[in-house]
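This report concerns only the one structure given below.
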Ligand code: RUG
């Protein structure tokens, strides 16, 4: 029978191949069919949004076709798979990216033109899928694109939040948060799998029983919630492979509350059941602190438990013996958020599969690897013991057992060094006894990855020094990357055409190392002309966008200077604003002849502040207060404009980055683990003004320091500077601009007082005062370079040409070879 099934599936595979036609007439028919039968509108009367929906569904059909074929093929070949666990994925829009990766963009553009629509206008109808906060989540999305493109047998697992990252509304310069109802108009990119669901248990007690003469623990849970799968096909570029991102949604389960119906309180019973859904309701909007929240722990365990049930079910379909588990499965933990998966794997193997502890632990240690994205020990997640014991009582016992064995092992090496033992312990003693999730990961994972060289060094010498001394071989550097498909091909089509034309090939889209070939033409006047035109067109689009949003008109001759990222003290948007105040102050005090020498600037800032982060919110307000003053000052005119772009997200980045001349990456050295925004700007030929932090150090190595504007204290100088307590005395200019804010020059004197306090004597943890003078020098150097447009264009070309290393394709290949031990598995065309 098996042989018969196999033959049948092979025949089906052949029949499905090329099932959907991609010529313009077939696409038109498919789109109209979807208008009529999916969107249920008349084909004679539908608007742009409905046209987008129909278009998206026809693309989805093609995605599903490849995605089925890929999974059939993976099943047939049964390669070792990588399962990527991440609590956040910041996917942005899917339409353009999908048609480009499927290789049918031109056909769709033709089909739509013939139907009287414009592809780009319809693409604008799509909302962003913002199931993540920032760098970590967008990096996860880039990794999925690279995994698919490089044909790796991969699955992503995460949570399908009902509300993604909040929408940022600006009222009178203040940030307000509004919920992101991203699913209200449906989501054509996902496939609801009602039949793929698993129960996830919480609370309850642990009991002992005897099985085959052996004492065993059994968990008697107190609550069960159903996890339902939503699949999101991720197409690779230049390949038939389309992998799966499976996101879990919580639904009420019937298993545990039958009793409540029989008590007669039917309405309350229903209301209580609905509460189950809250688990996947909302994304935590702070990317740094979420310590000790019950819902957060439930979210983590919910997606981990469902994913592992799914993974183990798939494994068991083909294998009987858990000895083969590490040969077939690699599990990647994205930051410490999914670390509870380690305890869950141990629970399943020991309690359910009845493996003995050492065997189970041996398996766990061979399958898990972790990437740490944080820099400070304080940024690592801790869960109070009481909370974990109440929500997941059996897991707490397991973690205690892991810790007991870890301590026994450590004692062999460190004997009486109790300080070290307590630092390395998974359990943190103190007022609130807690589980250190990072230490749990370090105890188990075979590889601990840092996200840039500087970051790995910090992990080795500070954050995890003790662990590094014990297990140096575990620590690896995997410098982050971004996908050139999204960040050049989708977001900057003119640049894409220029690169392909000058390299004489499109092969760089899969093999980005080829982009270095542009270096040869960095001084070619014809390339310069094309490059400058491309930049001008992109700046025009951005200028229109700025005017629509903010009513500020900006000059295309000005340097577009951009800082877009989450608002954080360490990212130092305040340094940028104080620099803008200094520029304003200088221009105000110039005579007309000096003014003629000023390089006009449009300073663009965008980013969200976590809802409870008061200092960050004040920074946003200060930006607006300065913008109000500067933009309405007739002495200034086009020499300086300040713009805050509200509701920064992935699709805003796709518009802003290609239109930028200069971008700022100002983190105090040692605080940015890597930074990936800088890589997107680099690919787009935007010059970087940056501190020697995170990946900027490696960027400087690739393009040469002369092609960017570096400034500020170095990583190893920072501790001594803090110790010394550098103050305003370091720079009169700094003292003057802070005083202007303090004295109410931009209004809101009382409101900004505490913000000024953060950078004045005794404070200034992030060293704005120390770095200010060198920041202004770097800004002046950028001005000088901009005046010589040929030189600037050459630097811009060299930036793009040097961006090859920062592709997530390179990152993923390093993970595949050095951490996961997986091979490509390419579905035949
Ligand atoms: O802040 C880091 C960025 O430096 C990094 O580029 C990105 C991806 O590795 O991750 C960011 N991050 C760190 N996001 N959340 C955290 C907290 O662990």
Practice prompt. Write down Rg/Rh for the stretch 454-564, rounded to two decimals, with Rg from the C-alpha atoms and Rh from the Kirkwood relation over Cα pairs.
Written response: 1.16
Worksheet, complete the sentence: Computed on Cα atoms, Rg of the stretch 144-204 relative to 2.2 N^0.38 Å comes out at 1.69
Worksheet item: If you average 1/r over every pair of different alpha-carbon atoms in the stretch 729-829 and take one over that average, what Kirkwood value in Å do you get?
Response: 18.6
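Once R0 is set to 45 Å, what does the formula 1/(1 + (r/R0)^6) return for the Cβ-Cβ distance between residue 266 and residue 293, expressed as a FRET efficiency to the nearest 0.05? The partial results should precede the final answer.
Working: r = 32 Å, r/R0 = 0.70.
For R0 = 45 Å, the calculated efficiency reads 0.90.
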Worksheet item: If you average over every viewing direction, what projected area does the convex hull of the Cα atoms of the stretch 321-365 give, in nm²?
Response: 3.1
Practice prompt. Sort 215, 298, 608 so that the residue with the fewest other Cβ atoms within 10 Å of its own Cβ comes first and the one with the most comes last.
Written response: 215, 298, 608
Worksheet item: How do 71, 770 line up, fewest other C-beta atoms within 10 Å first?
Response: 71, 770
Worksheet entry | Antiparallel DSSP beta bridges within the stretch 325-465, as percent of all bridges there, nearest 5 | 40
Discussion item. Rg over Rh of the stretch 75-171, using C-alpha atoms and the Kirkwood radius, what does it come to?
Written reply: 1.06
Worksheet entry | Cβ-Cβ FRET estimate between residue 215 and residue 412, R0 fixed at 45 Å, reported to 0.05 | 0.95
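Over the Cα atoms of the stretch 643-744, Rg to Rh with Kirkwood Rh, two decimal places?
Ratio of gyration radius to Kirkwood radius for the stretch 643-744: 1.03.
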Worksheet item: Computed on alpha carbon atoms, what radius of gyration and Dmax characterise the stretch 509-607, expressed in Å?
Response: 17.6, 53
Worksheet item: Where does each of 517-524, 164-171 land if you order them by average Cβ count within 10 Å, highest first?
Response: 164-171, 517-524
Worksheet, complete the sentence: The distance between the Cα centres of the stretch 517-540 and the stretch 186-234, in whole Å, is 55
Fill in: For the stretch 378-442, average projected area of the Cα convex hull in nm²
4.5
Item to complete: May I ask you to work out the translational diffusion coefficient for the chain at 4 °C, viscosity 1.567 mPa s, via Stokes-Einstein with Rh from the Kirkwood sum over Cα pairs, reported in whole µm²/s?
Response: 46
Practice prompt. For residue 172 paired with residue 773, estimate the spin-label separation in nm (one decimal), with each label point 7 Å from Cα along the Cα-to-Cβ line.
Written response: 4.1
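With 10 angstrom as the radius, rank 275, 535 by how many other C-beta atoms surround their C-beta, starting from the fewest. Let's see the in-between values first.
Details: 275 12, 535 25.
Lowest to highest Cβ neighbour count: 275, 535.
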Discussion item. At q = 0.14, 0.18 Å⁻¹, what log₁₀ I(q)/I(0) does the stretch 622-698 have when each alpha carbon counts as one equal point scatterer in the Debye sum?
Written reply: -0.59, -0.89
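Looking at the square roots a ≥ b ≥ c of the eigenvalues of the Cα gyration tensor of the stretch 588-661, which shape do they give, rounded for a/c under 1.5, prolate if a/b is larger than b/c, or oblate? Intermediate values should be presented prior to the final figure.
On the way: a/c = 3.46, a/b = 1.62, b/c = 2.13.
Note, shape of the stretch 588-661 comes out oblate.
Using the 2.2 N^0.38 Å rule of thumb for compact globular proteins, work out how the stretch 48-131 stacks up: its C-alpha Rg over that value, please.
On the way: Rg = 15.6 Å, N = 84, 2.2 N^0.38 = 11.8 Å.
Here the Cα radius of gyration is 1.31 times the empirical estimate.
Of all DSSP beta bridges in the chain, what percent run antiparallel (nearest 5)? Before the final figure, lay out the partial values.
Working: 40 of 87 bridges.
Among the beta bridges of the chain, antiparallel pairing accounts for roughly 45 percent.
Every read-out reported here was derived from the displayed coordinates using simple, explicitly stated rules and does not represent laboratory data. Since the model is a prediction, treat every value here as computed from it, not as a measurement. Here the Cβ is made from the backbone with ideal geometry for all residues, glycine too, and neighbour counts use every protein chain on show.
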